[in-house]
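Asks: Below you will find the structure I want to go over with you.
The values are calculated or read from the model by the stated rules, or taken from the named source; none is laboratory data. The shown structure was predicted, so the numbers you read here are calculated from the model rather than taken from an experiment. Please note: Cβ atoms are built from the backbone with ideal geometry, for glycine as well, and neighbour counts cover all protein chains shown. Heavy atoms of the whole protein, side chains included, go into the accessibility calculation; ligands, DNA and RNA do not. Shrake-Rupley method; radii C 1.70, N 1.55, O 1.52, S 1.80 Å.
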Amino acid sequence: MRIALLGNPNTGKSSVFNMLTGLRQQIGNFPGVTVDKKFGVFSIEKEEHTLIDFPGTYSIYPRSKDEQVVYDVLSNPHHVDFPDLVIVVADESNLERNLFLFTQIYDLKIPSILVLNMADIARKKGKIVDIEKLQKRFEGSVVVETTARIGLGKDRLTRAIQLNSSKKEYETFQLNAHLCEVEDLKGQEHEANERYILIRELIEQIEVEKNQKKESQSNRLDRILVHPIFGYLIFTGILLLIFQFIFAFATYPMDFIDSVFANFSSWLGNTLPEGLFSDLLSQGIVPGIGGVVVFIPQIALLFFFISILEESGYLARVVFIMDRLMRPLGLSGKSVVPLMSSVACAIPGVMATRTISDWKERMITILVAPLMSCSARIPVYTLLIALVIPNEKVLGFINLQGLVLFGLYALGLISSLIIAAILKMLMNSKEKGFLLLELPSYKAPRWGNVGITVWEKVKVFTLSAGKIILAISIVLWAMATFGPNGKMEQAANSAKIEAESLKLRVDEKERIIASARLEQSYIGILGKTIEPVIQPLGYDWKIGISLITSFAAREVFVGSLATIYAVQEDGGANRRLIERLKDEKRSDGKPVYNLASGVSLMIFYVFAMQCMATLAVVKRETKSWKWPFIQMGFMAVLAYIGAWIAYQILS
Amino acid sequence: MSKSLSSIIPGQLVKVSFIKDSALKPKLMEMGLIIGKELRVLFKAPFGDPIAIDVHGYVLSLRLDEASLIEVEDSK
């Protein structure tokens with residue numbers, strides 16, 4: 001059977017999904033829309049069922065892009081995803097509003113199961129629901145009670161699915177119910193009014209409410225967490241803690257992954273028979289995959305924390321206290337999470353903007369998200385800082401290198417806010433933004449749900465970024481391996497002769513030959529072609545090559561320099577590369593990598609959109625190439641001007 | 001006497017008397033804000049905006065702009 005899972009937000013819908021399908025879930029697409037279709041296959045007594053998770057909605061009528069799919073599928077029995085059975089998850093402690101969506105679906109006469117979830121919370125709130133009476137009222141459906149967070153009621157639910165005993169012929173809840181057109185707002189208002197009157201009558205018959213406490217625990221916590229002073233202090237504290245933790249712990253697995261891939265590709269290079277395909281494998285594909293995998297620890301850790309905050313209900317409070325501050329910048333409280341995510345990686349950040357219902361606020365968030373310093377910038381920053389910033393203490397206790405790193409992050413953040421404010425003035429939209437957000441009651445996070453969220457985000461990152469980074473690394477490998485008619489071979493030969501005359505070791509000889517070949521390759525030629533353009537920033541053609549190659553992904557910059565300067569990569573610290581770069585002199589005898597050109601490069605990387613994968617995701621999310629091009633354009637202008645100013649001042 | 005929800009101070013219990021026409025009106029109604037519904041303003045965000053209200057069973061936050069679409073009267 002094809003089963004659709006629907007329900008209001010914050011009803012524990014995903015807990016029900018996880019309870020039924022476990023980890024066997026996949027992501028697909030609904031035809032024609034960008035919303036991910038999360039589905040899972042499970043079987044009850046050898047019969048296989050597909051469970052499709054729909055976005056959480058309060059009504060079948062769409063109020064945001066995300067929600068459109070619910071209406072599209074349910075209103076059209078010929079839709080490929082039209083379900084044989086609908087499971088509607090309802091929060092038992094808040095039946096009135098939850099029954100609204102359920103009765104709408106009930107009235108469509110699609111076979112349904114009503115899951116009264118969060119039974120424990122309902123008890124705590126002192127609410128008792130007469131399920132028998134409820135079942136009698138909805139004779140065309142099956143009512144089941146669960147507490148999915150702790151796996152209670154799974155048997156009841158699977159039995160209900162197995163029997164699928166809901167009737168086909170029954171009286172609709174709302175007499176003369178009919179489905180309105182999406183544009184028919186008046187009709188929808190009329191329906192909402194009538195439906196709620198009927199629901200309220202029903203609630204009075206089936207629900208007993210006793211000894212409701214004066215002030216709930218959530219309310220007391222809110223006095224602190226949304227407090228004008230403590231609220232912000234606590235949020236800042238949590239952010240600092242999260243990033244501190246990520247930087248302290250992600251480096252170990254990252255260094256490990258780095259060295260595993262470096263060793264593997266050199267092992268491949270030494271073991272495989274010499275040839276183009278071996279080269280492609282050891283120098284193109286394997287390092288390409290490594291460049292994707294290395295970011296997984298950071299992304300996993302960040303989403304681990306974000307999903308804990310989300311599960312606990314705190315994230316909604318962050319939206320609540322940040323909304324007023326973000327609005328003058330053209331952003332909304334809901335922009336905070338996407339921008340936070342972008343500190344790990346802009347790809348999940350851009351995808352997280354889907355919760356922003358206002359088009360303009362969402363666009364601005366997407367456009368400025370890549371200005372937040374993502375994890376791919378860290379290898380570039382650390383290399384350049386180690387290269388040109390002295391390891392000294394300022395004021396006796398602040399490490400200067402650390403201070404510069406912090407400054408780069410701050411520059412990214414501040415400029416993203418300024419750009420947002422400018423975009424707000426430039427972009428006009430007909431609709432006015434709004435915020436209608438439920439503040440769910442606080443609850444302890446479920447580790448299973450946290451784990452599944454982390455797994456999903458990592459998967460999405462690996463697939464969407466991975467494909468592109470891999471493809472580009474193959475293209476770049478080809479551009480670095482081939483050159484116009486035989487020039488590369490000539491250069492390689494003369495380098496070989498020179499190396500032999502100097503009696504260098506074999507590995508040193510090989511690296512010098514590789515470097516000479518690169519200079520004559522297509523990519524070397526390209527680097528030289530753009531040299532006049534980047535000279536005012538303090539860069540030479542070798543840096544030019546690295547800028548071009550790192551257009552695929554920023555961290556490629558480091559690996560490219562290592563190849564160009566014929567230095568063997570040594571994983572994390574890059575000591576050899578730094579030594580070599582410090583020695584590099586210009587024709588006038590001054591070092592290429594001095595304070596001015598180094599800082600200029602750092603600023604360039606703060607601003608430039610050096611990430612094909614993000615561009616592709618922005619294209620996917622905005623459904624046109626217009627926005628990614630605008631984004632790339634203004635970021636390039638910022639990068640060039642910023643780097644130019646830095647170089648001119650410091651040199 | 002009817003006033004705007006945006007002017008209600010925290011702690012007060014009120015009843016929805018009217019919702020102004022706007023594209024948001026059906027959405028507000030679907031969230032449970034229909035005429036006669038009892039609401040309590042719980043607290044406001046720093047800077048007084050957005051506000052959080054108890055819609056009998058759940059807490060809804062909305063900006064003052066949205067709140068001003070909702071007319072309320074004192075609830076007895």
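Asks: Between A:Gln162 and A:Lys467, what is the spin-label point distance in nm, taking each point 7 Å from the Cα along the Cα→C-beta axis?
Replies: For the pair A:Gln162/A:Lys467, the computed spacing is 4.0 nm.
Asks: To continue, here is another question. Report the net charge of residues surrounding A:Ala596, where surrounding means a beta-carbon distance below 13 angstrom and charges are Lys +1, Arg +1, Asp -1, Glu -1.
Replies: +2
Asks: Evaluate the charge dipole of the protein assembly as shown about its Cα centre and quote only its size in Debye, nearest 20, assuming +1 on the Cβ of each Lys and Arg and -1 on the Cβ of each Asp and Glu.
Replies: Result for the protein assembly as shown is approximately 960 debye, rounded to the nearest 20.
Asks: Let me ask something else. By DSSP, what percent of the beta bridges with both residues in segment A:64-184 are antiparallel, rounded to the nearest 5?
Replies: That works out to approximately 10 percent antiparallel.
Asks: Among DSSP beta bridges whose residues both lie in the protein assembly as shown, state the antiparallel percentage, nearest 5.
Replies: Around 70 percent of the beta bridges assigned by DSSP in the protein assembly as shown are antiparallel ones.
Asks: If R₀ is 22 angstrom, what is the calculated FRET efficiency for the pair B:Ala23 and A:Met427, using the beta carbon separation as r and rounding to 0.05?
Replies: Calculated value: 0.70.
Asks: Between A:Lys133 and B:Leu64, what's the calculated FRET efficiency when r is the beta-carbon distance and R0 is 41 Å? Round to 0.05.
Replies: Once rounded, the FRET efficiency stands at 0.50.
Asks: Also: Is the shape of segment A:12-105 best called rounded, prolate or oblate, per the rule: a/c under 1.5 gives rounded, else a/b larger than b/c gives prolate, else oblate, with a ≥ b ≥ c the square roots of the Cα gyration tensor eigenvalues?
Replies: Oblate, because a/c is 1.5 or more while a/b does not exceed b/c.
Asks: With unit charges on the beta carbons (Lys and Arg positive, Asp and Glu negative) and the dipole taken about the Cα centre of segment A:214-314, which residue among A:Gln244, A:Gly290, A:Leu280 sits farthest to the positive side?
Replies: A:Gln244
Asks: What accessible area per residue, rounded to a whole number of Å², is obtained for the protein assembly as shown using a probe radius of 1.4 Å?
Replies: Per-residue value: 44 Å².
Asks: Among A:Gln188, A:His178, A:Thr147, pick out the residue whose Cα is farthest towards the positive end of the charge dipole of segment A:143-189, where Lys and Arg carry +1 and Asp and Glu carry -1 on C-beta, about the Cα centre.
Replies: Farthest towards the positive pole: A:Thr147.
Asks: Still on this structure, I have one more. A:Lys487: which aspartates and glutamates have alpha carbons under 13 Å from its alpha carbon, excluding same-chain residues fewer than 8 sequence positions away?
Replies: Within the straight-line cut-off, A:Lys487 pairs with A:Glu519.
Asks: A further question on this structure: Calculate the spin-label point distance for A:Leu272 paired with A:Val394, positioning each point 7 Å from the Cα along the beta-carbon direction, and give it in nanometres.
Replies: Result: 4.7 nm between the two label points.
Asks: Hey, what did segment B:32-76 get for relative contact order, percent, Cα under 8 Å, at least 6 apart?
Replies: Reported as a whole number, the value is 27 percent.
Asks: Tell me: how much accessible area in total is hidden between A and B, 1.4 Å probe, Å², nearest 100?
Replies: Accessible area lost upon association: around 3400 Å².
Asks: Would you mind giving the mean number of other chain beta-carbons within 10 Å of the Cβ of each residue in A:186-196, as a whole number?
Replies: Counting Cβ atoms of other protein chains within 10 Å of each residue's Cβ and averaging gives 5.
Asks: Go through segment A:214-271 and name the trypsin sites (Lys or Arg not before Pro) that are in a DSSP coil and have 14 or fewer other Cβ atoms within 10 Å of their Cβ.
Replies: Of the trypsin sites (Lys or Arg not before Pro), the ones in loops of segment A:214-271 whose Cβ has at most 14 other Cβ atoms within 10 Å are A:Lys214.
Asks: A further question follows. Reachable lysines from A:Lys619, Cα under 18 Å, same-chain residues fewer than 8 places away excluded?
Replies: Straight-line reach from A:Lys619, under 18 Å: A:Lys65, A:Lys360, A:Lys467.
Asks: Restricting attention to segment A:188-279, which GluC sites (Glu not before Pro) occupy a DSSP loop and are surrounded by at most 16 other Cβ atoms within 10 Å?
Replies: Those satisfying the criteria are A:Glu215, A:Glu274.
Asks: By the gyration tensor of its Cα atoms, with a ≥ b ≥ c the square roots of the eigenvalues, what is the shape of segment A:171-320: rounded for a/c under 1.5, prolate for a/b over b/c, or oblate?
Replies: It is oblate, given that a/c is not under 1.5 and a/b is not larger than b/c.
Asks: Taking a ≥ b ≥ c as the square roots of the eigenvalues of the Cα gyration tensor of chain B, is the shape rounded (a/c under 1.5), prolate (a/b larger than b/c) or oblate?
Replies: rounded
Asks: Which aspartates and glutamates does A:Lys37 reach when only Cα atoms under 13 Å apart count, and residues fewer than 8 places away in its own chain are ignored?
Replies: A:Asp53, A:Asp66, A:Glu67, A:Asp81, A:Glu456
Asks: Relative to the present Cα-Cα distance, how much length would full extension add between A:Asp507 and A:Glu194 at 0.36 nm per residue of separation?
Replies: Length gained, A:Asp507 through A:Glu194: 104.5 nm.
Asks: Next up: Under 18 Å from a point placed 7 Å out from the Cα of B:Leu13 along the Cα-to-Cβ direction: which residues of segment A:111-144 have their backbone N that close?
Replies: A:126-127
Asks: Can you pick out the pairs among A:Lys125/A:Lys334; A:Lys623/B:Lys3; A:Lys393/A:Lys582; A:Lys109/B:Lys25; A:Lys393/A:Lys528; A:Lys459/A:Lys626 whose Cα atoms lie more than 32 Å from each other?
Replies: A:Lys623/B:Lys3; A:Lys393/A:Lys528, as the Cα separations exceed 32 Å there.
Asks: Determine the gain in length on full extension of the stretch A:Ile525-A:Val637; use 0.36 nm per residue of separation and subtract their C-alpha separation, reporting nm with one decimal.
Replies: 37.9 nm
Asks: Of A:Thr158, A:Leu95, A:Phe30, which is farthest towards the positive pole of segment A:20-170's charge dipole, taken about the Cα centre with +1 and -1 on the beta-carbons of Lys, Arg and Asp, Glu respectively?
Replies: In segment A:20-170, that residue is A:Leu95.
Asks: Structure shown: which of A:Lys457/B:Lys44; A:Lys13/A:Lys124; A:Lys133/B:Lys27 lie over 23 Å apart, alpha-carbon to alpha-carbon?
Replies: With Cα atoms farther than 23 Å apart: A:Lys457/B:Lys44; A:Lys133/B:Lys27.
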